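Some notes on the structure that comes next.
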Amino acid sequence: MAMTATVGQARADPHHIGVVVEHPGPAPKRIVTAYGFWVFLLSDIVMFSCFFAAYAVLAGQTADGPKGSEIFEQRNVAIETVCLLLSSFTCGMASIAADVRNRFWFYLGMTVTCVLGLIFLAIEFKEFADLVSRGYGPSRSAFLTAFFSLVGCHGLHVSAGVLWLLTMMAQVFAKGFRADVLRRMMCFALFWHALDIIWVGVFSVVYLLGGGA
Amino acid sequence: MSDQAHAHVEHDIAPGDEEQHSVGERITGYVVGLGLALLLTATSFFIAGTNLVWQPSIPIALIVLAIAQMGVHLVFFLHITTGPDNTNNVLALAFGLLVVFLVVGGTVWIMAHLNQNMPPMDQFIRMHS
């Protein structure tokens with residue numbers, strides 16, 4: 001509604017409804033930054049949808065290699081899912097702490113988020129290493145190519161997120177809760193929550209649907 | 001149109017930001033979101049591995065549960081709501097979803113038909129030799 005200030009005085013009440021809406025000028029930087037980052041996240045989700053589409057098409061093309069149900073371990077996936085879900089929660093706690101400028105809870109929330117993210121990455125890395133060592137690497141079949149690119153792409157995003165998380169902790173340590181640091185923190189929280197949304201798609205479509213087939 | 005209703009609203013709110021709430025209310029929101037998400041996740045994993053439900057319904061159930069959980073994440077963690085100050089965020093989300101459904105739905109639809117209409121390779125070679 002009030003993203004731009006192009007509406008002049010003459011058009012303040014275009015439909016003569018009797019209520020003059022005062023347009024308060026350009027939106028604050030916090031809103032503009034977060035909105036721009038939201039649009040980036042949506043385009044990132046569109047990119048993931050291409051990987052999902054490729055996986056859906058290629059899930060049956062195993063080239064006499066292993067099927068999904070033969071290589072997926074539901075227990076590991078459940079642990080990964082819980083880790084990511086809890087980390088999303090602690091990330092939310094950290095952003096509340098940042099908003100009320102409480103350093104202790106901010107560092108605690110971010111540290112727990114970081115540890116949970118690293119556990120997730122470790123489990124995923126072990127799964128990949130296991131598959132490759134058994135000869136089921138990405139070049140084995142079209143199904144495995146699609147699997148490694150989709151899940152690997154999500155894993156790369158989580159790795160980038162962990163690096164960003166450590167950067168945010170360092171910036172709060174060095175610069176305190178400045179307005180620009182808080183804006184970055186908000187973008188980081190959006191990014192981390194969006195990764196969790198994509199993981200919901202991954203465990204449902206790849207591991208649960210693919211594991212049952 | 002809806003301008004009348006929220007003439008007092010100064011600005012939109014940023015995606016991820018909440019309307020003015022106390023810390024306690026905000027934490028409660030996250031706890032509720034976490035609870036719902038855990039519940040939906042547990043249901044997904046349970047349904048995928050059980051024999052108690054009619055088997056052909058499982059893929060649909062998993063997809064419905066996944067979409068529900070994404071909704072929970074959007075509302076409770078990303079704070080994308082239907083409030084008038086959230087219109088820009090929701091519209092961007094709607095456009096993103098449109099592209100996602102076109103890409104995934106279109107790909108699956110077209111590739112399934114291609115698979116169906118393509119004769120097996122040996123037949124194909126005989127036809128053209």
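Taking the range A:53-102, which residues are more than 17 Å from A:Glu124 (Cα to Cα), assigned to a helix (DSSP H, G or I) and open to solvent by less than 10 Å² (accessible area, probe 1.4 Å)?
Across the range A:53-102, the qualifying residues are A:Ala53, A:Tyr55, A:Ser88, A:Cys91, A:Gly92, A:Ala94, A:Ile96, A:Ala97, A:Ala98.
For the range A:127-180, enumerate the residues that are among the β-branched types (Val, Ile, Thr) and either open to solvent by 40 Å² or more (accessible area, probe 1.4 Å) or free of Cβ contacts under 8 Å to residues at least 24 places away in the same chain (or both). Outline the logic, then answer.
Applying the first criterion (among the β-branched types (Val, Ile, Thr)) to the range A:127-180 yields A:132, A:145, A:151, A:158, A:162, A:167, A:172.
A:Val132, A:Thr145, A:Thr167, listed by residue number.
Within the range B:76-129, restricting attention to residues that are open to solvent by 70 Å² or more (accessible area, probe 1.4 Å) and more than 27 Å from A:Leu58 (Cα to Cα), which residue is modelled with the lowest pLDDT?
Step one: filter the range B:76-129 for residues open to solvent by 70 Å² or more (accessible area, probe 1.4 Å), giving B:82, B:91, B:95, B:97-98, B:101-102, B:109-111, B:113-118, B:120-129.
Okay, now just the ones that are also more than 27 Å from A:Leu58 (Cα to Cα), so B:82, B:91, B:129.
Values: B:Thr82: 78, B:Leu91: 93, B:Ser129: 66.
The selected residue is B:Ser129.
Listed residues A:Thr113, A:Thr90; which is among the polar types (S, T, N, Q), within 30 Å of A:Lys175 (Cα to Cα), within 14 Å of chain B (Cβ to nearest Cβ) and free of Cβ contacts under 8 Å to residues at least 40 places away in the same chain?
Of A:Thr113, A:Thr90, the one residue that is among the polar types (S, T, N, Q), within 30 Å of A:Lys175 (Cα to Cα), within 14 Å of chain B (Cβ to nearest Cβ) and free of Cβ contacts under 8 Å to residues at least 40 places away in the same chain is A:Thr90.
If I go through the range B:51-75 residue by residue, how many of them are farther than 25 Å from B:Gly96 by Cα, open to solvent by 30 Å² or more (accessible area, probe 1.4 Å) and part of a helix (DSSP H, G or I)?
Let us first name the residues in the range B:51-75 that are farther than 25 Å from B:Gly96 by Cα, namely B:51-58.
Filter once more, keeping what is open to solvent by 30 Å² or more (accessible area, probe 1.4 Å): B:51-57.
Cutting the leftovers down to part of a helix (DSSP H, G or I) gives us B:55-57.
Qualifying residue count for the region: 3.
Considering only residues that are assigned to a loop (DSSP other than H, G, I, E, B) and within 7 Å of chain B (Cβ to nearest Cβ), look in the range A:23-52 and name the one that is surrounded by the fewest Cβ atoms within 10 Å (Cβ to Cβ).
Here the residue is A:Pro24.
Can you name the residue in the range B:39-50 that is in a helix (DSSP H, G or I) and surrounded by fewer than 17 Cβ atoms within 10 Å (Cβ to Cβ) and, of all such residues, is nearest to the other protein chains (Cβ to nearest Cβ)?
The initial filter retains those residues of the range B:39-50 that are in a helix (DSSP H, G or I), namely B:39-48.
Narrowing the set further to residues that are surrounded by fewer than 17 Cβ atoms within 10 Å (Cβ to Cβ) leaves B:39, B:42-43, B:46.
On the way: B:Leu39: 11, B:Ala42: 9, B:Thr43: 11, B:Phe46: 10 Å.
By that ranking, first place goes to B:Ala42.
What is the residue count in the range A:164-204 for residues that are among the aromatic types (Phe, Trp, Tyr), assigned to a helix (DSSP H, G or I) and away from every other protein chain (no Cβ under 14 Å)? So that I can check it myself, show each step before the final result.
As a first pass, look at the range A:164-204 and keep what is among the aromatic types (Phe, Trp, Tyr): A:164, A:173, A:177, A:188, A:191-192, A:199, A:203.
Narrowing the set further to residues that are assigned to a helix (DSSP H, G or I) leaves A:164, A:173, A:188, A:191-192, A:199, A:203.
Narrowing the set further to residues that are away from every other protein chain (no Cβ under 14 Å) leaves A:164, A:173.
Within the range A:164-204, residues that are among the aromatic types (Phe, Trp, Tyr), assigned to a helix (DSSP H, G or I) and away from every other protein chain (no Cβ under 14 Å) number 2.
Quick one: would you say A:Leu209 is open to solvent by 40 Å² or more (accessible area, probe 1.4 Å), closer than 23 Å to A:Ala54 by Cβ and facing chain B (nearest Cβ under 10 Å)? Break it down into steps so the answer makes sense when it comes.
Values: open to solvent by 40 Å² or more (accessible area, probe 1.4 Å): yes; closer than 23 Å to A:Ala54 by Cβ: yes; facing chain B (nearest Cβ under 10 Å): yes.
Yes; evaluated as a whole, the condition is true for this residue.
Of the residues B:Val104, B:Val99, only one is in a helix (DSSP H, G or I), farther than 22 Å from A:Cys91 by Cβ, facing chain A (nearest Cβ under 10 Å) and in contact with a Phe, Trp or Tyr (Cβ under 7 Å, 6 or more places away or on another chain); which? Can you show your working first?
Working: B:Val99 fails: in contact with a Phe, Trp or Tyr (Cβ under 7 Å, 6 or more places away or on another chain).
Result of the check over B:Val104, B:Val99: B:Val104.
Does A:Asp64 meet the test of being over 28 Å from A:Val115 (Cα atoms) and either out of contact with any Phe, Trp or Tyr (no Cβ under 8 Å at 6 or more places or on another chain) or at the interface with chain B (Cβ under 10 Å from one of its Cβ atoms) (or both)? So that I can check it myself, show each step before the final result.
Numbers: over 28 Å from A:Val115 (Cα atoms): yes; either out of contact with any Phe, Trp or Tyr (no Cβ under 8 Å at 6 or more places or on another chain) or at the interface with chain B (Cβ under 10 Å from one of its Cβ atoms) (or both): yes.
Taking the combined requirement at face value, the residue satisfies it.
The values are calculated or read from the model by the stated rules, or taken from the named source; none is laboratory data. In this text, all values refer to a predicted model and were calculated from it rather than measured experimentally. Glycine gets a Cβ as well: all are built from the backbone with ideal geometry, and neighbour counts include every protein chain shown. Note: areas computed on protein heavy atoms with side chains; ligands, DNA, RNA excluded. Shrake-Rupley method; radii C 1.70, N 1.55, O 1.52, S 1.80 Å.
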